[in-house]
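The values are calculated or read from the model by the stated rules, or taken from the named source; none is laboratory data. Only a predicted model underlies this, so the values are computations on that prediction, with no experimental measurement involved. Ideal geometry is used to build each Cβ from the backbone, glycine not excepted, and the neighbour counts take in all protein chains shown. To get the accessible areas, we keep the full protein, side chains included, count just its heavy atoms, and leave off ligands, DNA and RNA. Shrake-Rupley method; radii C 1.70, N 1.55, O 1.52, S 1.80 Å.
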Amino acid sequence: DLAALAPSVQELLAASSLTIKDVNDVMWDKLDSEITHREAACHWLNGNTQRWKTWLPDKTVCVAGFGLYDIFADVFVQSRNGDTANIECRVCPSGHFSDRLQDDKGLTFICQPCPAGRFQASGGMVSCDPCPRGEYQGSVGSQVCLRCDLETYQDAEGQPECKKCPAGTSTLGLGSISQMDCGCEADSINVPGSDSNATVASMFQCQPCGEGLRCPFSSAVENLVKGQSTLGQKFTPQIQQGYMSDPAEPTKIFKCQPAANCPGGKPGTCTGALQGKLCSRCSAGEAWIDGACTACQPIHFVGWYVFGTAALGGTVASYFVVNLPGSRRASRFQLVMMTFGLVVHAVQTVALFGMMSVTWPSIFTSTSGSLQFAVLDLNRSTLTCLTGWGDTERFVMFAMMFPVLSVWVLLVWAISQYFPRWGRWVLAYTFNTIGVFCQAGFASICAITFQPMMCYTHPNGMHSVLKYPDTFCGDDQHAVMLAFGAVLSFFVVGFLVVCSVAAWKLPKWSMAKEYHKVQAFRFLTGKFGLESWWFGVLLLLRGLGFSLVIVLFTDPPRAETTWVFAILLVYTLFAALYLPWKARSITVADVVLNALLLLLVTQSTQDVAPSQQQFATDATLAMSCAENLLELEQEKLKSSLESFTAHDIKALEKAIAIVSTELHDGRWAFFKPRLHLESMNVRLASARAPPQATDVQGTSNDPEDEEDKSEERPVQDGDVEADNAPFAEDGAAIAGQVFLEMGEIGARVTTGKIVSTAV
């Protein structure tokens, strides 16, 4: 390999030529001069310069693998023109190749850098290698190629750059060798067009997956429908649990209610053989039993007929139970009934919470789902064997339950009037019976009434009725449901208005001894103390508020939890402040139960969407405005007080002394509905007067509880009803009316005349 390692030496040896005479001359010179062989050779070279110079090779004549090199400039050169004294041949380094050069001096070689798209890892090579597929090199003189970055690929060799993937797509890793390695980025899915003449690039139509669809890298519609991907299960797009889509339109995602109906996975997958676009119904002649669609049996029909008959009979029997004589203190029977009512309200509240779009803890979700019967959601029962799976039919049946029940009770009352020997029903007691059922189920009535208005939004932008997902808001079926809901809303609003007016007038009816009116609304007051007779209205408003929250904020869970928390907080504060229930133990249980519900609301989780962030911003602004209004009211009050004279302040102090007088037994006096004073500069003989000897006994609202009190007389206009009235009898003249509620004591001050009487 001398030619490769030392080509100049080989050329020198090949050109040299010595005769026998030349050799003898060198040898005789050594003998005669007694010198060494080296010295003898040097004498010959010095004496024959012109001869051996023709043997020397040209330093600029390079062989393959070498190139012209300027030893002074320390660079490879591309020609040998001019002075070549500093030019020699050197092996070409890595990243270069040895290229032929033919000039007037003959053939030689020069070192050239590898062009873009090619590389050479070794030295002394006569060519550069092209970059393989999936790699590129944009620089010259490179020793290696680079792999294509993400979102790029290269399907040809020797390229200076990689090709860009179609818009919205990327690659799984580096060094992709084909456009088919490109795929839609995570959280998007490829929905190619239907044009058969489309190019490969146009076949990539990446769309955001959005809510309800899990899209890993390189998701495609065909993979979603098939439920598998060539890259493996990890890269297979799937419908998330609680969502659904039709295989014909796999990317049109619907949100299921309840979420357990849709297990996710491939489009069109339902739990337990359910059917419909949102997996909300079984086939005709089937009912949802034990988590699956099961064929209806004769026992199911018989059972519901028996239940309906028993319900009607129980309603008649309840007339004789709910109208038993009452008492001021809760009896054992009343305690049991109040406990039962408290449990019913709690169950209804939990069921209503289950209708919200909030993400609850899993154990609460399963519990609330099993308690949906409390709001008459019997769609997951064998009742569908009778009603079928038509949304409108089921809604109308549930919506008419309480009105039909009320009509049934009135019908029994009317029948009893024609058969007196069976016992005539009292109209007041009849209304009380209807009121008991309506009050107990008021939250359920509200939930049913507003169901057609509870439209939640699907990820595809469509809207469905919350309890009837297969009914889309705005279609003909929904219009029928809205019409029935509007009719039922008159029943709901009418009942609430009647109860509110009755609560306002009950004290007047009681003092006027209009006991038939009092008895008709005993369902509203019988469970509460006389000082909190109005609390039943607050209980009704609580149930109505929960339903309205779901109607107004069906989609944003943050808004739902905010308003539900506010409703619970207000109710709990009123219950803790006024201790309304007759039995203290029921009051404690009510407060504790609502406190636990408040804690539960704080444990819910919400995904903050832009609409919810806007709600939070609006709520913050509203609270800020409220604070500003309060500051304005305070400034206005401060300005008014600064303008008072000493006489005005003295009169105001005397008025305050009247309404805040301490009672002799230490109980608080609550300033109740109204205080109208035409003038505050009335001189009072005494802010406190010795208590009058009175004998007031607590009574119930029942006419049976009234006893003949010879020491009492009917209340006349201008009288004051009080127990140990703390006001002076003489000289106390206040134009207007003050109503104080002190435990079980009512006080009315009009013209200053005071008498003692029962409430």
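Points worth noting:
- Number of the exception - GLY272 against (1) of a type outside the set (S, T, N, Q); (2) within 26 Å of ASP181 (Cα to Cα); (3) out of contact with any Ser or Thr (no Cβ under 8 Å at 6 or more places or on another chain): (2)
- Number of the condition not met by THR449 [criteria: (1) under 35 Å from the mean Cα position of the chain (by Cα); (2) surrounded by fewer than 22 Cβ atoms within 10 Å (Cβ to Cβ); (3) polar (S, T, N, Q)]: (2)
- Being at pLDDT below 85 and either surrounded by fewer than 13 Cβ atoms within 10 Å (Cβ to Cβ) or touching a Cys at 6+ places or on another chain (Cβ under 7 Å) (or both) is a description that does not apply to GLY285.
- Taken together, the residues in region 216-273 that are β-branched (Val, Ile, Thr), open to solvent by less than 30 Å² (accessible area, probe 1.4 Å) and touching a residue at least 40 places away in the same chain (Cβ under 8 Å) amount to 1.
- Some residue of region 99-116 being open to solvent by less than 60 Å² (accessible area, probe 1.4 Å), small (Gly, Ala, Ser) and touching a Phe, Trp or Tyr at 6+ places or on another chain (Cβ under 6 Å): no
- Whichever residue in region 136-158 is open to solvent by 60 Å² or more (accessible area, probe 1.4 Å) and not in a loop (DSSP other than H, G, I, E, B) and, among such residues, is nearest to PRO93 (Cα to Cα): LEU146
- Check on GLY354, small (Gly, Ala, Ser), at pLDDT below 85 and closer than 24 Å to SER444 by Cα: yes
- Matching residues in region 339-388 - criterion: being without any contact (Cβ under 8 Å) to a residue 40 or more places away in the chain and assigned to a loop (DSSP other than H, G, I, E, B): LEU371, LEU378
- Residue in region 125-135 that is under 22 Å from CYS89 (Cα atoms), open to solvent by less than 30 Å² (accessible area, probe 1.4 Å) and touching a Phe, Trp or Tyr at 6+ places or on another chain (Cβ under 8 Å) present: yes
- Test set (1) under 30 Å from ASN261 (Cα atoms); (2) crowded, with 17+ Cβ neighbours inside 10 Å - GLU393 fails condition number: (2)
- The conditions of being open to solvent by less than 40 Å² (accessible area, probe 1.4 Å) and over 20 Å from SER142 (Cα atoms) are not met by TRP52.
- Elements of the type strands (runs of 3 or more DSSP E) sitting completely within region 213-299 and holding at least 1 residues that are touching a helix residue (DSSP H, G or I) at 6+ places or on another chain (Cβ under 6 Å): these cover 249-255, 286-289.
- Checked against the criterion of being assigned to a loop (DSSP other than H, G, I, E, B) and either surrounded by 13 or more Cβ atoms within 10 Å (Cβ to Cβ) or not β-branched (Val, Ile, Thr) (or both), region 35-43 has at least one qualifying residue.
- Residue in region 410-421 that is in contact (Cβ under 8 Å) with a residue 60 or more places away in the chain and more than 22 Å from VAL518 (Cβ to Cβ) present: yes
- Filtered residue count, region 164-175, keeping only those that are buried (at least 16 other Cβ atoms within 10 Å of the Cβ) and assigned to a strand (DSSP E or B): 3
- Hey, PHE431 in contact (Cβ under 8 Å) with a residue 12 or more places away in the chain and among the aromatic types (Phe, Trp, Tyr) or not: yes
- Filter result (part of a loop (DSSP other than H, G, I, E, B) and open to solvent by 20 Å² or more (accessible area, probe 1.4 Å)) within region 176-194: ILE177, SER178, GLU185, ALA186, ASP187, VAL191, PRO192, GLY193, SER194
- Checking THR525 against (1) surrounded by fewer than 16 Cβ atoms within 10 Å (Cβ to Cβ); (2) β-branched (Val, Ile, Thr); (3) farther than 22 Å from THR449 by Cα, the condition it does not meet: (1)
- Residue check, LYS467 out of contact with any Phe, Trp or Tyr (no Cβ under 7 Å at 6 or more places or on another chain), of a type outside the set (Asp, Glu) and free of Cβ contacts under 8 Å to residues at least 24 places away in the same chain: no
- Boolean, VAL465 is open to solvent by less than 50 Å² (accessible area, probe 1.4 Å) and modelled with pLDDT of 90 or more: yes
- Look at region 492-513: where a residue is of a type outside the set (A, V, I, L, M, F, W, C) and a partner is loosely packed, with under 13 Cβ neighbours inside 10 Å, sitting 6+ places away or on another chain with Cβ atoms under 9 Å, you get LYS513/PRO714.
- Failed criterion for CYS499 (all others in (1) modelled with pLDDT under 90; (2) buried (at least 22 other Cβ atoms within 10 Å of the Cβ); (3) within 30 Å of PRO452 (Cβ to Cβ) hold): (1)
- Within region 64-92, the residues that satisfy the criterion of being under 20 Å from ALA121 (Cα atoms) and open to solvent by 50 Å² or more (accessible area, probe 1.4 Å) are ALA64, VAL75, PHE76, ARG90, VAL91.
- Residue check for LEU569: assigned to a helix (DSSP H, G or I), open to solvent by 40 Å² or more (accessible area, probe 1.4 Å), among the hydrophobic types (A, V, I, L, M, F, W, C) and at pLDDT below 90: no
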